[in-house]
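Let me begin by presenting the structure, written as structure tokens, before commenting on it.
The values are calculated or read from the model by the stated rules, or taken from the named source; none is laboratory data. Worth saying up front: this structure is predicted, and the values here are computed from it rather than measured. Here the Cβ positions follow ideal geometry from the backbone for every residue, glycine too, while neighbour counts run over all protein chains shown.
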Amino acid sequence: MTTRSSSDDRLAATLREESGRLVAALYRRFRDFDIAEEAVQRAVVEALTAWRRDGTPDRPAAWLTTAAQRNALDLIRHRGRQEALAARVAPSVSRDGTDDRIALLFACCHPALAPEARLALTLRAVIGLTTPQIARAFLVNEQTLAQRIVRAKRKVVSTRIELQVPETADLSERLGDVLAVVYVMYNEAFVSSTGRTQDRDLGADAVWLADVIATSLPDQAEAWGLAALLTLQHGRTAARFDPNGDLVLLRDQDRSRWDHTAIDRATGMLDRAATLRAPGPYQLQAAIAACHAEAPSWGETDWLQIVTLYGALIRRDPSPVVRLNGAIALAQLGPRQATEALADIDRLADRLDGYHLFHASRAELLRLLDRDDEAAAADRRALQLTTNEAERRLIQTRLRRHPLTDGS
Amino acid sequence: MKYVLMFTSEPAANAATDPEAAKAVYGRIYQWFQDNADKIVDSGAELEPVETATTVKSGGIVVDGPFNEAKEIIGGFSVVDVPDMDAAVALAKSWPALELPGIAVEIRPMVVDYSQFE
């Protein structure tokens with residue numbers, strides 16, 4: 001559920017289109033990342049107030065540029081560093097014609113920064129989110145977050161992390177760090193925003209960013225893989241909640257409400273990734289999502305294909321959550337495979353006992369095998385562990401439909 | 001931009017390292033300094049083993065041992081001058097001893113602009 005208005009969406013689209021470019025441009029002009037980022041952040045905050053009050057200006061990009069430049073000069077004056085900076089002003093150069101925002105993104109996701117700082121900095125500098133928006137979206141304390149951003153920016157400046165696309169030898173490894181941030185951004189937004197209201201659709205922002213990256217680095221297969229994955233997941237958003245704001249599982253979703261234009265676009269991206277012949281986990285996850293997206297119903301899904309893809313994914317990433325999802329797919333092939341899948345899941349117990357989806361998935365499989373009492377017990381355990389309101393309601397509904405026979 | 005590279009190791013891992021492998025790496029360390037001569041402002045120093053460390057603490061108290069109880073000990077340092085952090089990381093990554101277990105290189109920018117303290 002959302003209370004976002006269409007003007008909020010337009011505002012968000014303009015801000016994310018312009019923020020990163022402006023930070024990069026001001027950085028090239030003043031050679032001070034902290035000032036460039038702060039100046040744009042202030043312009044964004046000003047825009048949020050002024051544009052909501054007076055409407056979006058005719059030339060929003062020019063409005064933001066003017067505001068950010070004024071803020072940068074104020075900051076420089078305020079810090080009394082004009083002379084020091086004047087000496088360092090360099091002509092605006094973009095080394096190789098790549099989108100400036102990509103260079104900015106590589107700096108924000110630099111491995112020398114703490115992982116949580118990379119996400120916060122990316123959201124602010126590249127996407128144009130304000131600190132309070134980030135704090136709300138990720139349910140973190142605003143002051144802690146502000147501190148984290150200040151520390152990260154200080155490190156960028158003091159260690160001279162440049163805004164640049166890495167050399168070819170390091171590109172794929174560094175791109176991995178960037179894609180991980182975008183992936184976390186989407187998933188965190190996906191989880192924390194369920195059933196909550198927000199003035200920005202972070203999921204849409206993540207899809208947009210993944211698209212910018214893939215378009216700017218068109219030879220990177222995993223960049224296309226991530227863009228395809230997020231586009232597919234986002235294309236199913238409209239069907240994920242019913243009119244009451246309750247979560248609808250994939251199997252029960254109204255597939256006519258999926259965004260089939262987005263799905264087609266995503267499969268095109270996957271085809272493009274495949275021509276680059278560099279498979280990776282994002283492409284595999286996207287291929288799994290594409291199988292679901294193209295299936296007319298849960299029952300008519302190509303489970304064998306999905307199980308095969310999970311096999312390939314688990315070989316690359318044998319993390320418990322991937323194995324859990326692989327087991328759920330396996331269980332769809334038949335009763336024998338469901339028993340096998342349950343055994344697979346039970347082997348993950350010591351590592352996933354605190355994870356609500358472990359118990360919820362176990363409950364699904366137990367129910368598939370007609371072990372309803374054990375299924376209800378697993379659902380109750382999942383309910384104890386989930387902090388997300390929409391997921392709580394889903395599990396509660398399931399428990400009501402399958403009343404407990406032990407009288408509890 | 002000047003950075004100090006601090007070469008650290010873990011004594012426990014050192015003890016377990018194959019002496020032949022370590023010897024081969026030491027040969028390449030000499031070569032590393034030759035190859036990167038244009039980036040090294042001050043080759044710094046290789047330090048005597050940590051057992052030789054003596055620390056003077058606040059109040060003038062003299063004690064045996066290094067200044068902290070960290071697992072890693074500093075074995076030496078060099079001052080390098082490279083364009084930016086990415087170049088410093090690339091140089092640190094090429095440090096031959098990184099092939100051995102327990103070895104790490106810490107990168108710290110050097111203060112060069114003292115105007116901020118005025």
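List of remarks:
- A count restricted to region B:91-103 and to residues that are more than 14 Å from chain A (Cβ to nearest Cβ), surrounded by fewer than 16 Cβ atoms within 10 Å (Cβ to Cβ) and touching a residue at least 40 places away in the same chain (Cβ under 8 Å) stands at 2.
- Residues of region B:2-52 classified as in contact with a strand residue (DSSP E or B) (Cβ under 7 Å, 6 or more places away or on another chain) and at pLDDT 90 or above, total: 17
- Test: residue in region B:59-67 that is in contact with an Asp or Glu (Cβ under 9 Å, 6 or more places away or on another chain), away from chain A (no Cβ under 11 Å) and at pLDDT 90 or above: no
- Candidate set from region A:46-65 (those that are surrounded by 13 or more Cβ atoms within 10 Å (Cβ to Cβ) and of a type in the set (S, T, N, Q)); member that is modelled with the lowest pLDDT: A:Thr56
- Test: residue in region A:330-337 that is within 24 Å of the chain's Cα centre (by Cα) and exposed (fewer than 15 other Cβ atoms within 10 Å of the Cβ): no
- Qualifying residue in region B:33-50 (condition: surrounded by 11 or more Cβ atoms within 10 Å (Cβ to Cβ), within 14 Å of chain A (Cβ to nearest Cβ), among the hydrophobic types (A, V, I, L, M, F, W, C) and in a loop (DSSP other than H, G, I, E, B)): no
- The criterion of being buried (at least 23 other Cβ atoms within 10 Å of the Cβ) and more than 14 Å from chain B (Cβ to nearest Cβ) does not hold for A:Val140.
- Filter pass, B:Val4 being closer than 18 Å to A:Arg160 by Cβ, in a loop (DSSP other than H, G, I, E, B) and within 13 Å of chain A (Cβ to nearest Cβ): no
- Members of region A:237-268 that are among the small types (Gly, Ala, Ser) and in a loop (DSSP other than H, G, I, E, B): A:Gly245
- Matching entry among A:Ala107, A:Ala169, A:Ala125 (being surrounded by 24 or more Cβ atoms within 10 Å (Cβ to Cβ) and either within 14 Å of chain B (Cβ to nearest Cβ) or of a type in the set (Lys, Arg) (or both)): A:Ala107
- Filter result for A:Val156 (in a loop (DSSP other than H, G, I, E, B), within 14 Å of chain B (Cβ to nearest Cβ) and crowded, with 19+ Cβ neighbours inside 10 Å): no
- Residue in region A:110-122 that is nearest to the other protein chains (Cβ to nearest Cβ), counting only those that are aliphatic (A, V, I, L, M) and more than 22 Å from A:Ala68 (Cα to Cα): A:Ala112
- Evaluated against (1) over 19 Å from the mean Cα position of the chain (by Cα); (2) within 14 Å of chain B (Cβ to nearest Cβ); (3) of a type outside the set (S, T, N, Q), A:Asp177 falls short on exactly one condition, (1).
- Residues that are in a loop (DSSP other than H, G, I, E, B) and surrounded by fewer than 15 Cβ atoms within 10 Å (Cβ to Cβ), drawn from region B:52-73: B:Ser58, B:Gly59, B:Gly60, B:Gly65, B:Phe67, B:Asn68, B:Glu69, B:Ala70, B:Lys71
- Against the criterion of being within 12 Å of the chain's Cα centre (by Cα) and charged (D, E, K, R), B:Glu20 does not qualify.
- In region B:74-90, the qualifying residues are those that are more than 7 Å from every other protein chain (Cβ to nearest Cβ) and in a loop (DSSP other than H, G, I, E, B), and the one that is farthest from A:Val165 (Cα to Cα) is B:Val82.
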